[in-house]
Amino acid sequence: MNIITLDTGTTNTRITVWKNTTPVYQSSQAVGVRNTAISGNKSALENSVKNTIAEVLQKSGLYLAQIDRIIASGMITSNVGLIELGHLMAPAGLPELAKGMVEVTLPNVCAKPIWFIPGIRNQITNIGLHNIEAMDMMRGEEVEVMGLLKRLVLNTATVIALPGSHSKFVHLDAQQRITGCVTTLAGELLQVVTQHTILAEALDADFADELDIEMLLAGAASAKNLGLGRACFMVRTLSQFTVYQRNARANFLLGAILGADLLTLRNSTAMRMNPSTQFVITGKPMLREALAALVSNDDFFSGKVSIVNQMQQENLAGYGAMAIAHARGLLNKQ
């Protein structure tokens, strides 16, 4: 089968053409739901998806009539996406996501109908200040998790960590259902602090390029004991009064910000963390290696820690979307 998958985030849209489970061509555009939120209309996102579909078809030598299914996931189903779908309520796994898919034809985007996959939210009701911290949601990560489940053997309770601009920690039960998640702004904080504060001079406005475990752990300990704001400023004092080089200082900051995420996992009511639950960590190499080191050296966490390799996490969103579509009966058995 010839399949197109769309993965739309806040700032980017990635579209891939697949021949069964093999990616044929992929294109990414720097247009996402942020454009809709800023402009107040969907035209930029619609045009980007339309043009990118045309591009991937042309590059892969296919016509739209030869495409069997188009499947979309991520923020494209939010109120600032192309079509708004309500979140599924956790716990939810592959069967629930498959059942929740919705087919929609959008003439301004594509002549063929698109199958949209909904997101998942924590099961919290009557939300107010008394329980708002327990509330969390996802659009896109649930598809990546389903993709991982197709590539890994996970038959016990697991926390899947997806560090990034918005770091997401997703809890799975032994039945491979998503039971809840918790989100932080770790990646965005790291970028802002590194490039747009007084620390830019101490870091050359750049991130760590090599892992320094000692400095990583020191940064995490400082954030835990003194607070994130104080730990961040210590990067400047390290620059002014010590011999530690730029990469070491960048590791200290990385440890402080990711260490704050571990405090979230300890204390959040959005995903009550059992210390013995196993960790599976994906994401960019530096982030996943750093997070694995922090979890492994934290006395609170005692479960097995595994790092997903580059091959296992390749094209996860598209692969997961196809797994969900297959469960819905939309794709031939492969």
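Quick one: how many residues across segment 69-92 are within 20 Å of residue 146 (Cβ to Cβ) and part of a loop (DSSP other than H, G, I, E, B)? Talk me through it step by step, then tell me what you get.
Taking segment 69-92 as the starting set, the residues that turn out to be within 20 Å of residue 146 (Cβ to Cβ) are 69-78, 81, 85-92.
Cutting the leftovers down to part of a loop (DSSP other than H, G, I, E, B) gives us 78, 81, 85-87, 90-91.
The total comes to 7.
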Are any residues in segment 88-124 without any contact (Cβ under 8 Å) to a residue 60 or more places away in the chain, closer than 19 Å to residue 272 by Cβ, open to solvent by less than 50 Å² (accessible area, probe 1.4 Å) and touching a strand residue (DSSP E or B) at 6+ places or on another chain (Cβ under 7 Å), and if so, which ones?
none
Considering only residues that are under 15 Å from the mean Cα position of the chain (by Cα) and not polar (S, T, N, Q), which ones fall in segment 308-334?
308, 314, 316, 317, 318, 319, 320, 321
Can you list residue pairs whose Cβ atoms sit under 8 Å apart, with the first residue in segment 290-316 being under 17 Å from residue 187 (Cβ atoms) and modelled with pLDDT under 95 and the second being in a loop (DSSP other than H, G, I, E, B) and open to solvent by 50 Å² or more (accessible area, probe 1.4 Å)? Count only pairs 6 or more apart in sequence or on different chains.
none
Condition first: within 19 Å of the chain's Cα centre (by Cα) and either over 23 Å from residue 89 (Cα atoms) or of a type in the set (Lys, Arg) (or both). Can you find one or more residues in segment 228-247 that meet it?
no
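Residues to consider are 153, 143; find the one that is within 21 Å of the chain's Cα centre (by Cα), free of Cβ contacts under 8 Å to residues at least 24 places away in the same chain and closer than 30 Å to residue 302 by Cα.
On the way: 143 fails: free of Cβ contacts under 8 Å to residues at least 24 places away in the same chain.
From the options 153, 143, the qualifying one is 153.
Scan 174, 161, 134, 157 and give me the residue that is in contact with a His (Cβ under 9 Å, 6 or more places away or on another chain) and not charged (D, E, K, R).
Details: 174 fails: in contact with a His (Cβ under 9 Å, 6 or more places away or on another chain); 161 fails: in contact with a His (Cβ under 9 Å, 6 or more places away or on another chain); 134 fails: in contact with a His (Cβ under 9 Å, 6 or more places away or on another chain).
Exactly one of 174, 161, 134, 157 is in contact with a His (Cβ under 9 Å, 6 or more places away or on another chain) and not charged (D, E, K, R), namely 157.
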Residue list for segment 28-71, restricted to those being open to solvent by 50 Å² or more (accessible area, probe 1.4 Å) and either touching a His at 6+ places or on another chain (Cβ under 8 Å) or charged (D, E, K, R) (or both)
34, 42, 50, 55, 59, 68, 69
Can you give me the number of residues within segment 269-285 that are crowded, with 20+ Cβ neighbours inside 10 Å and small (Gly, Ala, Ser)?
2
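Go through segment 286-306 and give me each residue that's under 18 Å from the mean Cα position of the chain (by Cα) and open to solvent by less than 70 Å² (accessible area, probe 1.4 Å). Please lay out each step first, then the result.
So the first thing to find is which residues in segment 286-306 are under 18 Å from the mean Cα position of the chain (by Cα), and the list is 286-292, 306.
Across segment 286-306, the qualifying residues are 286, 287, 288, 290, 291, 292, 306.
Select from segment 207-217 the residues that are surrounded by fewer than 21 Cβ atoms within 10 Å (Cβ to Cβ) and part of a helix (DSSP H, G or I) and list them in ascending order.
Filtering segment 207-217 for residues surrounded by fewer than 21 Cβ atoms within 10 Å (Cβ to Cβ) gives 207, 209-211, 213-214, 217.
213, 214, 217 - these are the residues of segment 207-217 that are surrounded by fewer than 21 Cβ atoms within 10 Å (Cβ to Cβ) and part of a helix (DSSP H, G or I).
Mind listing just one residue for me: the one in segment 72-87 that is in contact (Cβ under 8 Å) with a residue 24 or more places away in the chain and more than 13 Å from residue 13 (Cα to Cα) and, of those, surrounded by the most Cβ atoms within 10 Å (Cβ to Cβ)?
Taking segment 72-87 first, the residues in contact (Cβ under 8 Å) with a residue 24 or more places away in the chain are 72-78, 80-83, 85-87.
With the extra rule that they be more than 13 Å from residue 13 (Cα to Cα), the set shrinks to 78, 80, 83, 85-87.
Details: 78: 21, 80: 19, 83: 16, 85: 19, 86: 10, 87: 18.
Filtering first and then ranking leaves 78.
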For segment 241-259, check the following and say yes or no: at least one residue is under 30 Å from residue 153 (Cα atoms), touching a residue at least 12 places away in the same chain (Cβ under 8 Å), assigned to a helix (DSSP H, G or I) and in contact with a strand residue (DSSP E or B) (Cβ under 6 Å, 6 or more places away or on another chain).
no
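Somewhere in segment 165-176, is a residue of a type in the set (A, V, I, L, M, F, W, C) and in contact with a Lys or Arg (Cβ under 9 Å, 6 or more places away or on another chain)?
Of the residues in segment 165-176, the ones of a type in the set (A, V, I, L, M, F, W, C) are 169-170, 172, 174.
Filter again for in contact with a Lys or Arg (Cβ under 9 Å, 6 or more places away or on another chain), leaving none.
Within segment 165-176, none of the residues are of a type in the set (A, V, I, L, M, F, W, C) and in contact with a Lys or Arg (Cβ under 9 Å, 6 or more places away or on another chain).
The values are calculated or read from the model by the stated rules, or taken from the named source; none is laboratory data. The structure presented is a predicted model; accordingly, all values stated were derived computationally and were not measured. Backbone-built Cβ (ideal geometry, glycine too); neighbour counts: all protein chains shown. Surface accessibility is based on the protein's heavy atoms, side chains included, excluding ligands, DNA and RNA. Shrake-Rupley method; radii C 1.70, N 1.55, O 1.52, S 1.80 Å.
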